[in-house]
Amino acid sequence: MNQDDIDLIRKARQGDLDAFNAIVKNYKYYVYRTAFGILNHPSDAEDAAQETFIKAYQSLSKLRDERSFPAWLARIAMHTSSDWIKANRRHQEVAIEQSHHRTSHDAHQLAQTQLDIQDALNQLSEEQRVVIVLRMVYGMDYEEMAKNLDIPIGTVRSRLHHARLRLRELLGEEGGIHS
Amino acid sequence: MSCPIDQEVLSDYVDHQLAPNEWEHIHAHLQTCSACREIVLELQSVNEDLANYFQTVAVPFAFENEVMQRVIAMRQTKHIHHLSVIFYIVVGIGFGGLIALWFSPWGLPIRVLFRFLLPLFQVLNMLSVFVSHGWFIALALYSIGFMIASFVGLQWLLRTLKSEVTI
């Protein structure tokens, strides 16, 4: 995390809306991808990502150490997305809204692969999706994941491993990416 | 699989979550064990596909604008709530003060002053009798004007708040 972001957080905490806008701009990819990875539905992910930033804005004053902001934001995004799943079970449906308007053969294959992965992610448990997102979107190591999820490192390791094995199995069945 | 290596260790290897000596040990093992090598390659492939997948997930258009609109709206609501609280506190203090003046010993000087001013009020009352109903008409016109001004002012305030929210 760079000094600019730390300064932005400090300013936003004092009520500077431009600073908060810059934070949203800098972290929107992480937050949206976290929500999308867990919910696997574009509009739900958008709502959950927006909700994450609103919650972050409301409780920014409670953040003690600015350097822990990315992990703190990831935690909010995870909890918000999990709560979203509990509130409405729409994520079970395979998202078909995402557009893959490509014309070339390669692009079509890429789009198909993306859909296969989306479908495979949908078949993982919520807990497995969360560890996959933390690892792949935030690049967290096992220790950080364990700390954020408040679970032992062994559990993180096991969840991640089983999630990958399941994905390998599912993607193999789809015959998309490994063929 | 007959290989004694725990599969979870292969995941740790792919994620670079092993101590350097353990990593070297597994790395050397992979040179000789084709079964483990195959698993590692598949796990790496899954990782690569996931990384590509998440890279292509695009944030919806105007996402930050929508977030900021919600933040601004939330701030405005909070300000209005604070102003309402202040208003009720001031009204409460005002009424409380009046009641205190009326009933408490500290209000005695005011009550005395009021008694002195009473003849003046009586003169004004006589004046109202003198001008007949004109006094009431003036008061009614003033009240209506005041209400219209308040309503227009309130509408203007709401319009300003709305336009600030939608910027």
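Of note:
- Flag for A:Gly139 being out of contact with any Cys (no Cβ under 6 Å at 6 or more places or on another chain), surrounded by fewer than 19 Cβ atoms within 10 Å (Cβ to Cβ) and at pLDDT below 90: yes
- A:Leu121 fulfils the conditions (1) more than 9 Å from chain B (Cβ to nearest Cβ); (2) surrounded by 19 or more Cβ atoms within 10 Å (Cβ to Cβ); (3) closer than 17 Å to B:Thr56 by Cβ; (4) at pLDDT 85 or above except for a single criterion, (1).
- Contacts under 7 angstrom Cβ, first residue in segment B:5-29 being in the same structural domain as B:Glu48 (by TED's automatic domain parsing), partner part of a loop (DSSP other than H, G, I, E, B), 6 or more apart: B:Asp12/B:Leu18; B:Gln17/A:Asp141; B:Ile26/B:Leu18; B:His29/B:Ile5
- Single match in B:Gln55, B:Gln17 (criterion: over 30 Å from B:Thr160 (Cα atoms), surrounded by 16 or more Cβ atoms within 10 Å (Cβ to Cβ) and among the polar types (S, T, N, Q)): B:Gln17
- Applying the set (1) modelled with pLDDT of 90 or more; (2) under 20 Å from B:Gln55 (Cα atoms) to A:Asp18 leaves exactly one unmet item: (2).
- Candidate set: segment A:4-49, residues that are among the small types (Gly, Ala, Ser) and under 11 Å from the mean Cα position of the chain (by Cα); chosen: the one farthest from the other protein chains (Cβ to nearest Cβ): A:Ala48
- Cross-chain or 6+ apart pairs with Cβ under 8 Å, segment B:44-56 first and more than 7 Å from chain A (Cβ to nearest Cβ), then surrounded by 15 or more Cβ atoms within 10 Å (Cβ to Cβ) and of a type in the set (Lys, Arg): B:Asn47/A:Arg164
- Test for B:Ala100: is it exposed (fewer than 10 other Cβ atoms within 10 Å of the Cβ), of a type in the set (A, V, I, L, M, F, W, C) and farther than 30 Å from A:Ala19 by Cβ: no
- Any hit, segment B:69-87, residues being part of a helix (DSSP H, G or I) and farther than 25 Å from A:Tyr57 by Cα: yes
The values are calculated or read from the model by the stated rules, or taken from the named source; none is laboratory data. Keep in mind the model is a prediction, meaning the values are calculated, not measured. Backbone-built Cβ (ideal geometry, glycine too); neighbour counts: all protein chains shown.
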